[in-house]
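Shown next, in structure tokens, is the structure this report addresses.
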Amino acid sequence: MKKTNVFGILFTCISVFGFAQQQTDSLAVQELNEVVVTDSRFKLKRENSGKTVIKISRSEIENNQGRTLVELINTKSGIEINGSKSVEGQNLGYYIRGGNNRQVLVLIDGIQVNDPSLVLNEFDLRLLDLNTIESVEIIKGGASTLYGNAAATAVISITTRKASKKAISASFLTSIGTNQSQDDQDYDGTSFTNNVTLSGSLNKLNYVASFGNRYVDGLSAANATNAEKDPFSRYNTNLKLGYEINDRISITAFGSYDNFKTDIDGFPPPTYTLADTNDEFKSKQTRVGVAPKFDYTNGSIQVNAAYTDIERETISSFSSMNKAQSFVVDAFNKYTFNNEFYTIVGLNYGDYKSEFSDEESYNTVDPYLNVVYVSDFGLNINAGARFNNHSEYGSHLVYSLNPSYKIDVKSGYAKVFGSYATSFIAPNLSQLFGPFGANPDLEPEENRTIEGGLEYSNGKGFRLNGVFFNRNEENTIIYTTGYENATTDAKVRGVEVEAEAKLIDKLSINANYTFTELKEGVRLRLPKHKANAGVTYNFNERTVATLNYQYNGTRVDTDFSVFQNVDLDSYSLLDVYVSHRILKNKLKLFANITNIFNEDYEEIIGYTTRGRNVLIGMNLTL
């Protein structure tokens, strides 16, 4: 698809949104005041937030059953999860606002998670089962004052499933689908997902327990003739217990075990070019934690603590085994003054270890303060500071200022907002001491992000916002013959636009567009233009259908067979999802078709992408 067509679609969407506003005004469709948390850690109305927080609700997750978490996140503005359209076990690149994996922080139930043994220190989202997730909030831009090291381009905050109010509730999900390329359209069942979740509340005790597995076969990682299939298998086990000691004191304990194995293709000597090989990758993660909370008048004290043990193994021409552990404690006090000042004072401790030829480690001790002011005349301010104390790199101060001003417009609002935030990202253990290109003399990266934007909501189902961002990276860590700091700053700027509307009571649409420009240098696999659009229609209370469109503009990738950068063509994908409930809404039947027109495209040079695929499934709730 040509770029002009994309802009035409966007202008059409904006025109339709204008019509939607008139329709919703006349129908007086009431929209609940949506609450967001991640940008401040307090439950605040979206209109009082100085950020454009992306929120993926449980209902949206249920309308995307059969997909993976990364496929769902990849439909949001400003985000490109590279590898999500290739073979299931493909390594993932988190390209958000011109950054990479090490600049994105993942939270699970409010606790930072990562893998100290990985080159980019990120959390591997391939480990998670979407069916175990209650909601996801994503904030883009610097958030290091609240969340620490690595929260430079985005925070992905994942909340796991909540307990049912009934004594016992059960959910059983199963699906079967195809996993085929554009040239292989035989429609064999090669993708299987199963999940069982039990939850309930018994007096002061609540619980959630789940088991899930996913197996996907049918594709080769390398796009080669007569290549062998590279299957992916994953198992997830989760248990969460909550107990209310009294009206003020409660405690939550949790444990999880996530395990996946995938066949991969590699770069064997002597050519070191991508080939169909018998390589394998295995990853296992065990997490246990506890979160006690004490509520008092106008405030609360909470401690989130978690221990994670990770084992990874790569079987290839460059075989390796990695073991890593992390222990994180986040203790904080939240206090509200007269519903105007929301304050949080905390201390975050992290201890991280990884085994290479020797065991290497570092720790961080970060005191932090954040204040939110919500006035009765429209002014809102979110400001904070964090003193990052790193055992290898000393002390660094990061800070942020995020003002916004809201004007009531009939039943809705209009607001203008801005943000200035700094971030500090220390080199990770693999870059300092790992087996490939380690450099113990690396300097930490420092990021500065400036944002400015507008948002309008009519309070009845129509919302439109746009934000401009400008990000500057100093001491970017790059790889040449080994890891080193770049000698020039990286400068990235862009625009993100989001819109959603309820046209009539049964029909809603959403769309987003992202423009990202690297002013200096090259960033691989990052589209300059990206757009998403979705239309959802509720035929009745039991039947719903969703049509999703995605456009990815041209990107730059490296062809390692000739060691040259080349441009990848733009592409467009269209998907459809349908669900229908029967047996008094206890049984949901669903189906989806992805890449309806069987678009042939490259996501990563040399690797296979998925063609048209079909999936059917059922979800029984008791």
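Applying the Karplus relation 6.51 cos²θ - 1.76 cosθ + 1.60 with θ = phi - 60° to region 409-416 yields 3J(HN,Hα) values of 10, 6, 8, x, 7, 10, 9, 10 Hz, where x marks Gly and Pro.
Separation of region 94-117 from region 475-537 is 16 Å, based on Cα centroids.
Here 309, 575, 265 are placed in order of increasing Cβ neighbour count within 10 Å, fewest first, which gives 309, 575, 265. Phi angles of region 372-388 translate, via the Karplus equation with coefficients 6.51, -1.76, 1.60 and θ = phi - 60°, into HN-Hα couplings of 10, 10, 10, 8, 8, 10, x, 7, 10, 9, 10, 9, x, 8, 9, 9, 7 Hz per residue; Gly and Pro are given as x. Protection proxy ranking, highest mean first, for peptides 512-519, 357-364: 512-519, 357-364, where packing is the per-residue count of other beta-carbon atoms within 10 Å, averaged. Could you sort out which of 165/502; 76/166; 240/284; 293/353; 166/261 sit more than 25 Å apart by Cα distance in this structure? Flagged as over cut-off: 165/502; 76/166; 293/353; 166/261. When each of 580, 390 is scored by the number of other beta-carbon atoms lying within 10 Å, the sequence from fewest to most is 580, 390. The phi torsions of region 52-67, fed into the Karplus equation with coefficients 6.51, -1.76 and 1.60 and a -60° offset, translate into couplings of 9, 7, 8, 10, 9, 7, 5, 5, 5, 4, 5, 7, 10, 4, x, 8 Hz, rounded to whole numbers, with Gly and Pro shown as x. Once you reduce region 134-170 and region 267-339 to the center of their Cα atoms, the two points are 14 Å from each other.
Less than 5 angstrom separates the built amide H of residue 180 from those of 611, all sequence-distant by 5 or more or on a different chain.
One decimal place: the segment residue 517-residue 614 gains 31.4 nm when fully extended, by the rule 0.36 nm per residue minus the C-alpha distance.
Taking every C-alpha pair closer than 8 Å and separated by at least 6 residues, the mean separation divided by the residue count of region 403-463 gives a relative contact order of 40 percent. Size estimate for region 573-622 follows the Kirkwood approach: the inverse of mean 1/r over distinct Cα pairs works out to 12.7 Å. Charge tally around residue 375: other residues with Cβ under 14 Å, Lys/Arg +1 each, Asp/Glu -1 each, net -1. Basic side chains Lys and Arg get +1 at the Cβ, acidic Asp and Glu get -1 at the Cβ, and with that the dipole of the chain about its Cα centre reaches some 2620 debye. For the chain, relative contact order (Cα pairs under 8 Å, six or more residues apart, normalised by length) works out to 14 percent.
Protection proxy ranking of 281-292, 136-147, by the mean of other Cβ atoms within 10 Å over each peptide's residues and highest first, is 136-147, 281-292.
Taking a cut-off of 50 Å, what percent of all Cα-Cα pairs in region 3-621 are separated by more than that? Every Cα pair in region 3-621 considered, those over 50 Å come to 6 percent. Relative contact order of region 413-562, taken over Cα pairs closer than 8 Å and 6 or more residues apart, is 15 percent. Kindly flag which residue pairs out of 55/491; 55/530; 45/334 have an alpha-carbon separation exceeding 23 Å in this structure. Correct reply: 55/491.
Values in this text are rule-based calculations from the coordinates and carry no lab data. Since the model is a prediction, treat every value here as computed from it, not as a measurement. As a convention, Cβ positions derive from the backbone with ideal geometry for all residues, glycine included, and neighbour counts pool all protein chains shown.
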